[in-house]
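Scroll down for the structure; my scribbles are underneath it.
The values are calculated or read from the model by the stated rules, or taken from the named source; none is laboratory data. Just so it is clear, the structure is predicted and the values come from calculations on it, not from any experiment. For neighbour counting, all protein chains shown are included, and Cβ atoms are generated from backbone atoms with ideal geometry for every residue, glycine included. Heads up: the accessible areas ignore ligands, DNA and RNA and are worked out on the full protein's heavy atoms, side chains in. Shrake-Rupley method; radii C 1.70, N 1.55, O 1.52, S 1.80 Å.
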Amino acid sequence: MKKEHVLHCQFSAWYPLFRSLTIKSVILPLPQNVKDYLLDDGTLVVSGREDPPARSQPDSDDEAEEIQWSDDENTATLTAPEFPEFTTKVQEAINSLGGSVFPKLNWSAPRDAYWIAMNSSLKCKTLSDIFLLFKSSDFITRDFTQPFIHCTDDSPDPCMEYELVLRKWCELIPGAEFRCFVKENKLIGISQRDYTQYYDHISKQKEEICRCIQDFFKKHIQYKFLDEDFVFDIYRDSRGKVWLIDFNPFGEVTDSLLFTWDELLSGTNLKGDFSEEALEQDAPAFRCTNSEVTVQPSPYLSYRLPKDFVDLSTGEDAHKLIDFLKLKRNQQEDD
């Protein structure tokens, strides 16, 4: 995998070529000061919050007396920077896409940070929703700091122009998403995207699903992408129509799901488990979770914080904040 292959998978590189096959989206250049804010390692203070969490009233006068908020002039107050011009552009784009969007950077979406959002979703209505997800995501940080990890060429990293991608929000069923692996412009493998769950309809319809994806690939994707080795994600809706979701580099930086990269790179163990007729037509290997016995936990669980930490960071539970402050005061008194 070379750096140019990674560059070709940027959203702005492929979207103009395949606009009619995918979800309506808006691409906005990311200002340098916004990038600096997103990479700042300080305490998570989200810019642009319109509705700060309401403060609960103390249960008693005694409790009110116990909580002393410092008015020391030397006390540092954390305030989020504001980006009025960028905020306006983002909100206009969100409104043009129906009021709710799925956000991402050049390559990655903050899928590992969904847990920190109030709705436990990547559905965003404002820039502050997006900032909360982006500042909490390792995937977004990797886009900024290690976009060419696993690349084999030693050429200098190209100068990057980062962009905020806003995609019209659509309620996609995880059991209808598939990842497709292409080598030398040949579709060699298809994997269930949400491999942690068992979906009965996939097992029953896998030949039909595979044939549908093959037809889509040959008609719309083959020989039209900028490289001959790549990975693309699709969504097959309830009517059987296939939608293009994303492109990814053909290499270790991309999750191989139910395959291994050794298999995909060498071409071993990629015989499809279909009928003889399908095999004669050179069908790609198709893999899905075959039973509930093989169901696995979500790969994003390892990125989560304990719920108490989340409540404290967002101000969602004022009583936990009060208990935390009492604990800190008692520790100081003990010291």
Verdict on Ser128 being open to solvent by less than 40 Å² (accessible area, probe 1.4 Å) and part of a helix (DSSP H, G or I): yes
Which listed residue is in the same structural domain as Thr88 (by the TED database) and at negative phi, from Glu163, Glu228: Glu163
Residue that is farthest from Leu17 (Cα to Cα), among those in the stretch 196-210 that are touching a residue at least 40 places away in the same chain (Cβ under 8 Å) and either assigned to a helix (DSSP H, G or I) or more than 26 Å from the chain's Cα centre (by Cα) (or both): Ser203
Cross-chain or 6+ apart pairs with Cβ under 6 Å, the stretch 213-234 first and in contact (Cβ under 8 Å) with a residue 24 or more places away in the chain, then of a type outside the set (Ser, Thr, Tyr) and open to solvent by 40 Å² or more (accessible area, probe 1.4 Å): Leu226/His8; Asp227/His5; Asp227/His8; Glu228/Glu184; Asp229/Lys183
Breaking point among (1) in contact (Cβ under 8 Å) with a residue 24 or more places away in the chain; (2) outside any loop (DSSP other than H, G, I, E, B); (3) open to solvent by 20 Å² or more (accessible area, probe 1.4 Å), for Asp262: (1)
Hits in the stretch 14-44 (condition: open to solvent by 100 Å² or more (accessible area, probe 1.4 Å), of a type outside the set (Gly, Ala, Ser) and part of a helix (DSSP H, G or I)): Arg19, Gln32
Complete set of residues in the stretch 101-120 that are surrounded by 15 or more Cβ atoms within 10 Å (Cβ to Cβ) and polar (S, T, N, Q): Asn106, Ser108
